[in-house]
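Notes for the one structure printed next.
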Amino acid sequence: MMSVTSIARNKVLPFLRKSTKMQSTASLSSLVKLEEKQGYAVVSMQKTPVNSLSLEMIQALSQSLIELEKNKCKGIILTSACPGIFSAGLDIREMYQPTDDRLNQFWSSLQTLWLQLYGSKMATVALINGHAPAGGCLLAMCCDSRIMLNGKSKIGLNETKLGIVAPSWFKDTFVNTIGVRQSERALQLGSLFSPEEALKIGLVDKLVPDMETATAVAEAELKEFLQIPGMARYLSKMKIREAAIKDLSETREADLNQFVNFAKTDAVQKGLGLYLQSLAKKN
Ligand SMILES: CCCCC/C=C\C/C=C\CC/C=C/CC(=O)SCCNC(=O)CCNC(=O)[C@H](O)C(C)(C)COP(=O)(O)OP(=O)(O)OC[C@H]1O[C@@H](n2cnc3c(N)ncnc32)[C@H](O)[C@@H]1OP(=O)(O)O
């Protein structure tokens, strides 16, 4: 007879059967630092300067989650070692003038990472210690709780500002976090929120004034989640998330084709080129 655990796993984790070509652990460890603490781990993204999510970075995060779950880790704090930046989101250079093979691997790896983190059995807290636009915001929203450092940083799904569209599973994650009306408005406008605004709409759960407080608050938050019986906590989380997870699990190929076709259109390529130029001009 199947246990509750295996039923849950079969129901929401079918993506784990699909393997993507992974880099060796050694070559990925320079991008993500894992610090094991008592009963949990701190996962620090350390791809300078802005933790952009390149193919290698996405795979490094995926690999870290696989290893932590294999080691029966119960919870993580996801944060950044890059000053002032949580993550600048997807590496725009991966989408600009790409080769077909790399673009396919890039998107497929991102799908896998989302399925892993959004559907993780571990308790997950994002310590957002800097900017978190687009894919950076997505990573944070995959966690169970978000603690953000107060200050000048911004968080949100700003895709439309780049002339691109957040895919359905980004939208689903957003809606599950802040609700339909706020998502509809913010997705269209590509809104980036200050920490205070993000707190007000429920995009983050707590603000902290400095890093020392941030670490203590993130640890306390994680411990609160870990005090709940693990299976009850996980299955409750899945009640909210499983429809979105099932949807992407069943439509990965179509979602990949839609992304690749969309990303390669002249309009998108032109928009991404101009956006990259505008980032470079800043410096
Ligand atoms: C029709 C139906 C369609 C259905 C839909 C189908 C498919 C969907 C298709 C597409 C969806 C794709 C989804 C994308 C989500 C994303 O994540 S897109 C990325 C969005 N990210 C951003 O807009 C952030 C851009 N960066 C910044 O705003 C700033 O860099 C910062 C994060 C606020 C930090 O500022 P700071 O001043 O500290 O640093 P710099 O700006 O000087 O940057 C340093 C350095 O890093 C480079 N860089 C920054 N961000 C990125 C990035 N995201 N990717 C790659 N490179 C980045 C920047 O260019 C600088 O480089 P340098 O000049 O060489 O030093």
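The values are calculated or read from the model by the stated rules, or taken from the named source; none is laboratory data. What you are looking at is a predicted structure, and each value in this text was computed from that prediction instead of being measured. Neighbour counts run over all protein chains shown; Cβ positions are idealised from the backbone, glycine included.
From the list Gln105, Gln111, which one is within 25 Å of Leu189 (Cα to Cα), at pLDDT 95 or above and among the polar types (S, T, N, Q)? After applying the criteria, what remains is Gln111. Just one of the numbered conditions (1) touching a strand residue (DSSP E or B) at 6+ places or on another chain (Cβ under 7 Å); (2) touching a residue at least 60 places away in the same chain (Cβ under 8 Å); (3) part of a helix (DSSP H, G or I) is not true of Lys237: (1).
Condition first: more than 12 Å from the ligand (Cβ to nearest atom), within 13 Å of the chain's Cα centre (by Cα) and within 27 Å of Leu276 (Cα to Cα). Now tell me which residues in segment 141-171 satisfy that. Reasoning before the result, please.
Looking only at segment 141-171, we keep the residues that are more than 12 Å from the ligand (Cβ to nearest atom), and these are 141-151.
Now drop any that are not within 13 Å of the chain's Cα centre (by Cα), which leaves 141-146.
Residues satisfying the conditions are Met141, Cys142.
Leu222 meets each of the listed conditions (1) in contact with a helix residue (DSSP H, G or I) (Cβ under 6 Å, 6 or more places away or on another chain); (2) hydrophobic (A, V, I, L, M, F, W, C); (3) more than 16 Å from the ligand (Cβ to nearest atom) apart from (1).
Meeting the requirement of 2 or more residues that are modelled with pLDDT of 95 or more, the helices (runs of 4 or more DSSP H) wholly within segment 1-92 are 55-70.
If you take just the helices (runs of 4 or more DSSP H) that sit entirely in segment 156-202, which of them hold at least 1 residues that are surrounded by fewer than 16 Cβ atoms within 10 Å (Cβ to Cβ) and touching a Ser or Thr at 6+ places or on another chain (Cβ under 8 Å)? Hits in segment 156-202: 180-189. Among the residues that make up segment 172-185, is at least one of them within 15 Å of the chain's Cα centre (by Cα) and either near the ligand (Cβ under 10 Å from one of its atoms) or modelled with pLDDT under 95 (or both)? Taking every residue of segment 172-185 in turn, none turns out to be within 15 Å of the chain's Cα centre (by Cα) and either near the ligand (Cβ under 10 Å from one of its atoms) or modelled with pLDDT under 95 (or both). Only one of the numbered conditions (1) surrounded by 11 or more Cβ atoms within 10 Å (Cβ to Cβ); (2) modelled with pLDDT under 95 is not met by Glu212, and that is (1).
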